[in-house]
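Reading through the structure tokens given below for one structure.
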Amino acid sequence: MSLLELRDVHVRYGAIAALRGVDVTVESGEIVTLLGANGAGKTTTLRTISGLLHPHTGQIFFDGRRIDTLPPHDIVGLGISHVPEGRRVFPRMTVTENLAMGAYRLGRPRKSDFDRVFALFPRLAERRHQDAGTLSGGEQQMLAIGRGLMSHPQLLLLDEPSMGLAPLLVEQIFDIIKEINEQGTTILVVEQNAAQALALADRGYVLETGTIVLSGPAPELRIDPRVKAAYLGEG
Ligand code: ATP
């Protein structure tokens, strides 16, 4: 049984069909990447998994349970954590307070959870009393990921973690995503940065105008002529 399974998921915004029959599976322990151009439906897919949107038709299963009718807080409770595009940290709260918000479903945040996040992101440890709004873009991304980890997710959904970051920082963030995965968290990551996402992931899916047009092991997608031409700027 797959950890996550989307079966023929259709999502509409009014008259606009954003997802038109999406099938995606994620196995426990994997890093899976969802690639696609602007407007392909990547963010919509993540928002539908985390319960912020509901499918018009189709089903989503997590750990054998149907989740597509549940509200977002129940889905967090089952072990899915969503790190949204654009970070969305609480600017007037400190780093520590932002992290504590990620643990709200557990009641009081545990020291061991803070310790884990600060070990992954030493920069956040140094800035723990600083307001999140004054952090750099890269630090805010670290904080958003750290906050996502505070609820002990089995599955972490990451929406464009590399967006707007300098190349060196992108590399650092991707190394940390790998480390989080090695510590036992399954990851579904949406990326525009196809080359780096495919270097990180085990498998990938390519979304075009709301439909999956290609999927396979990441090393195969990296050499696929269609991926090279459309997403890797080669060929
Ligand atoms: P990007 O990389 O630009 O974020 P994306 O692949 O994440 O793109 P989505 O944000 O999922 O794409 O959008 C998919 C489609 O749904 C687009 O055509 C978009 O214009 C449309 N869409 C997204 N949100 C809404 C909304 N709230 N109301 C109407 N249409 C929407």
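The values are calculated or read from the model by the stated rules, or taken from the named source; none is laboratory data. All figures in this text were calculated on a predicted structure; none of them were measured in a lab. Every residue, glycine as well, gets a Cβ built from its backbone with ideal geometry; the counts of neighbours run over all protein chains shown.
Values as computed for the structure displayed
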read-out: Verdict on Q140 being touching a residue at least 24 places away in the same chain (Cβ under 8 Å), more than 16 Å from the ligand (Cβ to nearest atom) and either closer than 22 Å to F90 by Cα or out of contact with any Phe, Trp or Tyr (no Cβ under 9 Å at 6 or more places or on another chain) (or both); value: yes
read-out: Wholly within the range 39-120, helices (runs of 4 or more DSSP H) carrying at least 2 residues that are closer than 21 Å to D131 by Cβ; value: 95-102, 111-120
read-out: Answer residue from the range 94-122, given it is of a type in the set (A, V, I, L, M) and surrounded by fewer than 16 Cβ atoms within 10 Å (Cβ to Cβ) and is nearest to E179 (Cα to Cα) among those; value: A119
read-out: Any hit, the range 9-24, residues being part of a loop (DSSP other than H, G, I, E, B), at pLDDT 95 or above and closer than 17 Å to I212 by Cβ; value: no
read-out: Listing of strands (runs of 3 or more DSSP E) fully contained in the range 169-235 that carry 3 or more residues being touching a Leu at 6+ places or on another chain (Cβ under 6 Å), within 16 Å of the ligand (Cβ to nearest atom) and of a type outside the set (D, E); value: 186-191, 203-208
